[in-house]
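Trainee: After the structure tokens below, expect a handful of questions from me.
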Amino acid sequence: MSEFRVEFDHCVIHVSDWERANRFYAEVLGAELVERGHGTWAYRFGGQQLNVHGPGVEAHPLARVPVAPGNSDLCFVWDGPIEEAVAHLARQRVEIEEGPVARSGAQGEGTSVYFRDPDGSLLEFISYTS
């Protein structure tokens, strides 16, 4: 039996308004905006990327039930105490839906806050810092 290793590369979200979503993901989440041509974008976070479906995108192949705007649930690691994430969201005028609350993530136990993007997708900042 051969051994192999995979890493997460990208996933897909769907937005209804490019300008509004680009501003939110750049300002609130710190995404690098990657222009993909014809007025479409992707959002890059270091070595991972959110490919974005939205107006003008005709992706192929599609999931059996394509993701719709507001239909995603994504977690991002906040590099610092969760209180800093709470303050950042307040400065950006983003309402916290839940938290801070204890949660378990890919790196173990952490503390999370939940909020939504402009289309209603559920987003989470998790902090592994005590």
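Trainee: Which one of GLY56, GLY46, GLY37, GLY105 is more than 14 Å from VAL12 (Cα to Cα), surrounded by 13 or more Cβ atoms within 10 Å (Cβ to Cβ) and not aromatic (Phe, Trp, Tyr)?
Mentor: GLY105
Trainee: Report yes if LEU33 is of a type outside the set (D, E, K, R) and assigned to a loop (DSSP other than H, G, I, E, B), otherwise no.
Mentor: No, not satisfied.
Trainee: Does PHE8 fit the bill of being surrounded by 14 or more Cβ atoms within 10 Å (Cβ to Cβ), out of contact with any Ser or Thr (no Cβ under 6 Å at 6 or more places or on another chain), aromatic (Phe, Trp, Tyr) and not in a strand (DSSP E or B)?
Mentor: Spelling it out, it is not the case that PHE8 is surrounded by 14 or more Cβ atoms within 10 Å (Cβ to Cβ), out of contact with any Ser or Thr (no Cβ under 6 Å at 6 or more places or on another chain), aromatic (Phe, Trp, Tyr) and not in a strand (DSSP E or B).
Trainee: Under 7 Å by Cβ, and 6 or more places apart or on different chains, what pairs join a residue from segment 110-123 that is part of a loop (DSSP other than H, G, I, E, B) with one that is hydroxyl-bearing (Ser, Thr, Tyr)?
Mentor: ASP119/SER16; SER121/SER72
Trainee: Among the residues of segment 89-98, are any part of a loop (DSSP other than H, G, I, E, B) and crowded, with 17+ Cβ neighbours inside 10 Å?
Mentor: Yes, segment 89-98 contains at least one residue that is part of a loop (DSSP other than H, G, I, E, B) and crowded, with 17+ Cβ neighbours inside 10 Å.
Trainee: While we're on this one: If only one of ALA87, ALA102 is without any contact (Cβ under 8 Å) to a residue 12 or more places away in the chain, more than 17 Å from the chain's Cα centre (by Cα) and within 16 Å of VAL28 (Cβ to Cβ), which one is it?
Mentor: After applying the criteria, what remains is ALA87.
Trainee: Inside segment 47-83, can you point out the residues that are assigned to a helix (DSSP H, G or I) and either of a type in the set (A, V, I, L, M) or touching a residue at least 40 places away in the same chain (Cβ under 8 Å) (or both)? Give the steps one after another, and end with the answer.
Mentor: We begin by selecting, within segment 47-83, every residue assigned to a helix (DSSP H, G or I); these are 82-83.
Within segment 47-83, ILE82 is the sole residue that qualifies.
Trainee: Within segment 1-14, does at least one residue satisfy the condition of being in contact with a helix residue (DSSP H, G or I) (Cβ under 7 Å, 6 or more places away or on another chain) and closer than 23 Å to VAL113 by Cα?
Mentor: no
None of the figures in this text is laboratory data; all of them are computed from the coordinates on show. Bear in mind that the values here come from a model prediction, so they are computed numbers and not experimental data. Every residue, glycine as well, gets a Cβ built from its backbone with ideal geometry; the counts of neighbours run over all protein chains shown.
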